[in-house]
Amino acid sequence: MLKKSVVLKRKKMNIPRVNYKNILFFSLFLCGLILGALTMKGEDSQLKAVLKDFFIEYISNKSTNTILGCFLDSAILTLFIPILTFIFGLCAVGVPIIIAMPTLIGIAVGMATGFLYSEFTFQGLGYAALIIMPSAAIVIATLLKCCNEAISMSLEIIFSISGGSYPKTKNNELKEYCLRFLVFAVPLILAALLNSFCFKLFGGLFTFV
């Protein structure tokens, strides 16, 4: 009798590519978030007093503003860091600054949340949950994508200047780079609009004076 031989064909496994830059930036953001929250922990300090005066004045001015005025104020604040990130992405020296961006954003968010809780306890947490966090989640996700694109562009410029070869992709071409940041502006503007509506809807529920 002839023995039948069984041949097992090994299938190729398609392992999904991991974007390590996204993981790096998110990790840096989390580190900044924890650091910012810890900064606000402890007894009353001069920093807290300054932040409290600034926050109460900010809330007071925003309460008397129209929804269009609130939107414009939020849009300016929301678009400021992405514009800086875009500019640094076009610089060979921009890499360390871009890497620092997620940490600085995390520190700012951590300090804001920690300050609201330490000064106003559950009322502060309620304000953060209803007014700050819905738009902040969109802004943070978009900013991390901005940092990803900017560092790729900056690295390409470095390799071009040094005469090396960086793996060019369509995303790193100047035209595509600009178009991507224009696309990123859409969720950022929507986030500013959302923040304005949330403030007008829920801002009256909180009294910080």
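The values are calculated or read from the model by the stated rules, or taken from the named source; none is laboratory data. Given the structure is predicted, the values throughout are model-derived calculations rather than measurements. Counting neighbours? That spans all protein chains shown, and the Cβs are built from the backbone with ideal geometry, glycine included. These area figures cover heavy atoms from the full protein model, side chains too; ligands, DNA and RNA do not enter into them. Shrake-Rupley method; radii C 1.70, N 1.55, O 1.52, S 1.80 Å.
Applying the criterion of being more than 15 Å from GLY114 (Cβ to Cβ), open to solvent by 100 Å² or more (accessible area, probe 1.4 Å) and at pLDDT 80 or above to the residues of segment 1-53, the residue that is nearest to the chain's Cα centre (by Cα) is PHE26. LEU130 satisfies every condition listed in (1) open to solvent by less than 50 Å² (accessible area, probe 1.4 Å); (2) within 28 Å of LYS200 (Cα to Cα) except (1). Which of the residues spanning segment 198-209 are open to solvent by less than 70 Å² (accessible area, probe 1.4 Å) and outside any helix (DSSP H, G or I)? Across segment 198-209, the qualifying residues are PHE206, PHE208. Residues that are free of Cβ contacts under 8 Å to residues at least 24 places away in the same chain and not polar (S, T, N, Q) within segment 142-164 comprise GLU156, PHE159, GLY163, GLY164, listed in sequence order. You will find that of SER154, SER74, SER135, SER160, the residue that is more than 25 Å from PHE184 (Cα to Cα) and part of a helix (DSSP H, G or I) is SER160 and no other. For segment 69-90, does any single residue satisfy the condition of being without any contact (Cβ under 8 Å) to a residue 12 or more places away in the chain and open to solvent by less than 40 Å² (accessible area, probe 1.4 Å)? Yes, segment 69-90 has at least one match.
Residues in segment 98-127 that are surrounded by 19 or more Cβ atoms within 10 Å (Cβ to Cβ), under 20 Å from the mean Cα position of the chain (by Cα) and not β-branched (Val, Ile, Thr): MET101, PRO102, GLY106, GLY110, MET111, ALA112, GLY114, PHE115, LEU116, TYR127. Selection of segment 119-164 for residues being farther than 25 Å from THR78 by Cα and of a type in the set (Gly, Ala, Ser) yields SER160, SER162, GLY163, GLY164. Scanning segment 175-197 finds no residues that are touching a helix residue (DSSP H, G or I) at 6+ places or on another chain (Cβ under 9 Å), open to solvent by 70 Å² or more (accessible area, probe 1.4 Å), of a type in the set (Phe, Trp, Tyr) and at pLDDT below 90.
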